[in-house]
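Below: the structure, in structure tokens.
The values are calculated or read from the model by the stated rules, or taken from the named source; none is laboratory data. Worth saying up front: this structure is predicted, and the values here are computed from it rather than measured. Surface accessibility is based on the protein's heavy atoms, side chains included, excluding ligands, DNA and RNA. Shrake-Rupley method; radii C 1.70, N 1.55, O 1.52, S 1.80 Å.
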Amino acid sequence: MEKDMNVSEIIDIQAFTKTLGQWYRKNGRDLPWRHTTDPYCIWISEIMLQQTQVETVKGYYERFIRAFPDTKSLAGAMEDEVFKQWEGLGYYRRAKHLIEAAKTVEYEMGGRFPDSFDGLLGLKGVGMYTASAVASIAYGIKKGVIDGNTLRIISRVYNRQDNIALDKTKKNYQEIMDTMIADTNPSEFNQAMMDLGATICTPRNAKCGECPVRKFCLAFKHHTVGILPVNVKARSKTEHYYITAVLKYKDKYMMIKNKDGLLENLYGLVQYEAESPAAFEDQFYDTYHTSVRLLEYAKEVKHVFTHKVWHMNAYFGRIDEALQNSDCLYTKEELLTLPISTAHQKVLKLFLE
């Protein structure tokens, strides 16, 4: 069974970026901060967009810019005035950082907004993503943005099962983004990638039929879009991270009766502390001597016990051939009669309802 992308498969980056750019020019979202190249305004929008949805930010952004049109007005404002404009956006530390950064620009930089990637990183509350976004959009600096959208797109386009929760994966994907952006308009490319991830290449139910770059997408080619990207967060002593799968063979579902331990005598789904879908498939084969293929990712499901927390990355998959022990296969109706652990009931509902 094929696990990873064929290393001989390559992406025509120039054709990809050209096609993406053409799509963006026709279909890009009309957002108020896209009508300016003022680095201050772009910076404000990017800070607001952290942990807040685009539709919510639109109104706040326009009101905030009217109240504080530049770093001078923001640096001289009372905190309460700024917080009032921020009211309802939450995460008020962001607003406090805006004030501190504005004061840095005004009182330490002579009112001149940083015009380099490293200079932007020096502002309070500005990380790699925000610095990349402002640098590319305001100044045309060729720095790719790395966020949930671009991590997901890169993972799918290159059909990679690297765990995007890991810093080493983000660093590697940053290099890929910087390579892709090298020969194109950086502002257009980054914003096109953001829009593609937000409207087409979504976490669930990706609209592959509408995707302008699907002909370049190796996950689309290999039918792995549903399980990418891999996002399994790091383990700790009290936190356990699993890939938990609803597995189906013909019209029946696989359930395992726990003989001992935390959920003794209760039935549960197959789950492993695996780093990727491919690792799960390998471990299943080693245990049951039967091939399985994970087809669709739902989301992470959290369940709290007294002394531990399970983080279950829920997948749906199909068993390729009959199991040696068919006693662990049940129809949908039979599942209703089984004493199933509450944790795994949460996962089952994602796919059965």
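Summarising the amide proton neighbourhood of V145: residues at separation of 5 or more, or on other chains, whose placed amide H is nearer than 5 Å comprise an empty set. Once a ≥ b ≥ c are taken as the square roots of the eigenvalues of the Cα gyration tensor of segment 248-353, is the result rounded (a/c under 1.5), prolate (a/b larger than b/c) or oblate (a/b not larger than b/c)? It is rounded, given that a/c, with a ≥ b ≥ c, falls under 1.5.
Taking 16 Å as the straight-line reach from the Cα of K248, the lysines in range (excluding those fewer than 8 positions away in the same chain) are K332, K349.
Within the accessible area of segment 293-333, the carbon and sulfur atoms contribute 46%, probe 1.4 Å, all protein chains present.
Of all aspartates and glutamates in the structure, those lying under 12 Å Cα to Cα from K171, and not within fewer than 8 positions of it along the same chain, are D147, D162.
Near V301, the amide H atoms lying under 5 Å from its own belong to M312, N313, A314; only residues 5 or more places off or on other chains count, and H is placed 1.01 Å from N. Proximity of backbone amide H atoms, modeled 1.01 Å from N, is registered between V230 and I164 at under 5 Å, excluding neighbours fewer than 5 places apart on the same chain.
Considering only S132, S291, S326, the Gaussian network model of the chain with Cα springs below 10 Å gives its largest mean-square fluctuation to S326. Per residue, the chain exposes 50 Å² of accessible surface when a 1.4 Å probe is rolled over the protein heavy atoms with every protein chain present. Here percent of Cα pairs over 40 Å apart was calculated from the structure, and among (i) 26; (ii) 8; (iii) 39 it sits at label (i).
Quick check: from the Cα gyration tensor, does segment 156-206 come out rounded (a/c under 1.5), prolate or oblate? Oblate, since a/c reaches 1.5 and b/c is not below a/b.
Could you identify which residue out of P229, P32, P186 has the top mean-square fluctuation in a GNM of the chain using Cα springs shorter than 10 Å? The residue with the greatest mean-square fluctuation here is P32. When the residues R152, R93, R318 are ordered by accessible surface, computed with a 1.4 Å probe over the protein chains alone, the sequence from largest down reads R93, R318, R152. Classification of segment 234-297 by its C-alpha gyration tensor yields an oblate form. The axis ratio a/c (a ≥ b ≥ c) is 1.5 or more, and b/c is at least a/b.
Take D115: with every protein chain present and a 1.4 Å probe, its accessible area is about 70 Å². Anything over 20 Å Cα to Cα? Flag those among K124/K170; K308/K346; K143/K233, in the order listed. Pairs exceeding 20 Å: K124/K170; K143/K233. Among I42, I65, I137, the largest mean-square fluctuation in a Gaussian network model of the chain, built with springs joining Cα atoms closer than 10 Å, belongs to I65.
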